[in-house]
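The next block holds one structure in the form of structure tokens; read it before the comments.
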Amino acid sequence: MSIKIVTLGGAAAGKTIYLASLYKKLSIQNNDRNLYYQFRLKASDRDSGRFLNSTFANIVDPNRDFPSGTREFTQWNFDCQVKSNNKVYSVCQFNYLDYAGGTLNQPSSQSGQEKNIERITESINNADVIFILLDGVKIFHLLHGNNTAGGLHQWLYKDIANIFNDIQDKSIPVYFAITKWDCLRPKYGSSLMEVQEKLKTFDQFKNFINGFSHDRERIIRLIPMSSLGDGFAEMLIGAEGKIEGMRKTGQLNIKPYNVEIPIAYALLDTLITHYNDEIKKEKNRVLVQNIILKMGGILAGTGTNFLPPPLNILSKKSLKAIIAKTQNGIAPREIYENIDLSNIKGEKHAIKHLLNCFWYLTKKFENDYPGSLLNHPTWHHKN
Ligand SMILES: Nc1nc2c(ncn2[C@@H]2O[C@H](COP(=O)(O)OP(=O)(O)OP(=O)(O)O)[C@@H](O)[C@H]2O)c(=O)[nH]1
Ligand SMILES: [Mg+2]
């Protein structure tokens with residue numbers, strides 16, 4: 001099953017550093033330290049993996065500047081795998097796009113990027129999940145009332161407005177990530193309420209979120225994350241609180257956080273979306289049947305043929321259990337205890353194992369960051 005994630009964000013929102021950091025954190029399965037990181041992301045080809053590793057090496061090198069803005073347009077494909085007893089199980093694939101954030105906000109005739117803008121539009125149309133990176137430095141300005149800070153108006157009324165226009169007709173999950181959370185964490189910790197309230201004071205956010213709230217099938221999440229971790233970089237604050245750049249502090253240890261949360265949600269939410277769609281179709285089928293035959297219908301089968309392989313190996317019962325657990329506030333410990341890598345005996349186990357890891361990570365995240373769910377769909381797992 002291939003999960004297409006379209007990452008949207010203005011210039012310098014943090015897209016490139018995020019990808020390098022995500023890959024660094026998840027490219028090696030972690031069997032010892034944290035049981036719920038017992039999976040890995042593998043780049044689709046060797047060159048891509050090497051390129052991401054070398055980008056990351058430059059990012060962490062205190063003697064080098066941060067990478068300059070992206071010019072190319074690159075699709076990154078990652079295979080999400082579980083390795084157990086010397087066998088590798090490939091559960092799903094994640095596809096990302098990286099591109100020059102700035103040029104996409106100009107009219108295509110001016111940016112000379114017609115082809116690339118077409119590609120982005122096409123990707124949005126085919127996406128399973130939309131991932132919007134909100135620049136943490138811009139959010140910092142908003143929260144501190146620095147209304148005249150450079151680029152803020154352009155960002156709010158052009159970049160963000162363009163993104164919302166592009167995606168408003170799609171009813172798939174939308175995740176807002178607030179990048180560079182390390183800059184906000186000292187003051188805001190893990191509370192998202194203030195950020196949520198601030199964003200909603202702007203009509204475009206309010207309308208977007210409220211508009212979607214009427215569309216009860218859409219999931220909207222807010223995910224604070226840091227690709228660099230705390231203390232690795234600091235904002236250079238000039239006169240009148242103006243942020244003039246980001247400086248590496250020289251700290252060697254880099255501990256990104258929450259970068260894996262969007263992919264964990266992407267798999268769980270995509271399963272739920274597929275299931276909900278199927279239930280709706282079944283309901284329509286039964287309705288038509290009832291009208292034609294004037295009799296009560298029955299919902300079909302125990303299988304999950306509507307899921308792309310290899311996830312269609314799951315039974316309908318397991319899928320309903322996954323959805324129920326995802327919806328309900330299961331204590332992380334309960335999920336954690338289910339994980340046992342040495343017990344994986346086949347593809348089905350591997351899938352369940354990965355889902356367990358993702359449950360754990362997302363539930364822990366929800367416990368740690370109240371206010372992250374902005375809107376959720378009607379759940380049909382009881383059907
Ligand atoms: N403190 C902090 N700064 C970050 C983080 N991620 C990115 N930055 C800063 O933000 C700048 C831009 O990040 P990029 O990843 O290059 O942004 P981008 O979205 O790829 O930008 P374009 O390629 O121009 O579209 C970096 O040079 C860093 O200074 C983070 O997690 N924490
Ligand atoms: Mg970039």
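Rule-based calculations on the coordinates, nothing more; no lab input. Because the structure is a prediction, the values reported are computed rather than measured. No Cβ is skipped: glycine too gets one built from the backbone with ideal geometry, and neighbour counts run over all protein chains shown.
For the peptides 268-276, 310-318, 15-23, 245-253, residues were scored by their other Cβ atoms within 10 Å and the scores averaged per peptide; the highest-first order is 15-23, 268-276, 310-318, 245-253. Phi angles of region 257-273 translate, via the Karplus equation with coefficients 6.51, -1.76, 1.60 and θ = phi - 60°, into HN-Hα couplings of 9, 6, 5, 8, 4, x, 6, 4, 5, 4, 5, 4, 5, 5, 4, 4, 4 Hz per residue; Gly and Pro are given as x. Just checking the listed ones, PHE78, PHE306, PHE164: in the Gaussian network model of the chain with Cα springs under 10 Å, the one fluctuating most is PHE306. Put simply, the convex hull of the Cα atoms in region 1-160 casts, on average, a shadow of 12.1 nm².
Based on every Cα atom in the chain, Rg and the maximum pairwise Cα distance Dmax equal 21.5, 76 Å. Annotation: peptides 189-195, 235-241, 340-346, ranked by per-residue average of other Cβ atoms within 10 Å with the highest first, follow the order 189-195, 340-346, 235-241. Here the dipole of the chain is about 1060 debye; that uses its Cα centre as origin and unit charges on the Cβ of Lys and Arg (positive) and Asp and Glu (negative). With R₀ fixed at 41 Å, the C-beta to C-beta distance from ASN305 to GLU114 puts the FRET efficiency at about 0.55.
Here the simple spin-label model places points 7 Å from the Cα toward Cβ, and for ILE279 and THR148 these points are separated by 5.3 nm.
Full extension of the chain segment joining SER44 with SER191 gains 49.3 nm, where the gain is 0.36 nm per residue of separation less the Cα-Cα distance. Taking only Cα atoms and a 10 Å spring cutoff, compute GNM fluctuations for the chain and point out the largest among GLY303, GLY371, GLY49. Looking only at GLY303, GLY371, GLY49, the biggest GNM fluctuation is shown by GLY303. Dimensions of region 56-99 from C-alpha coordinates, computed as largest minus smallest value along each principal axis and given longest first, are 42, 25, 8 Å. Global size of region 134-279: 16.9, 58 Å for Rg and Dmax (C-alpha atoms, Rg to one decimal, Dmax whole).
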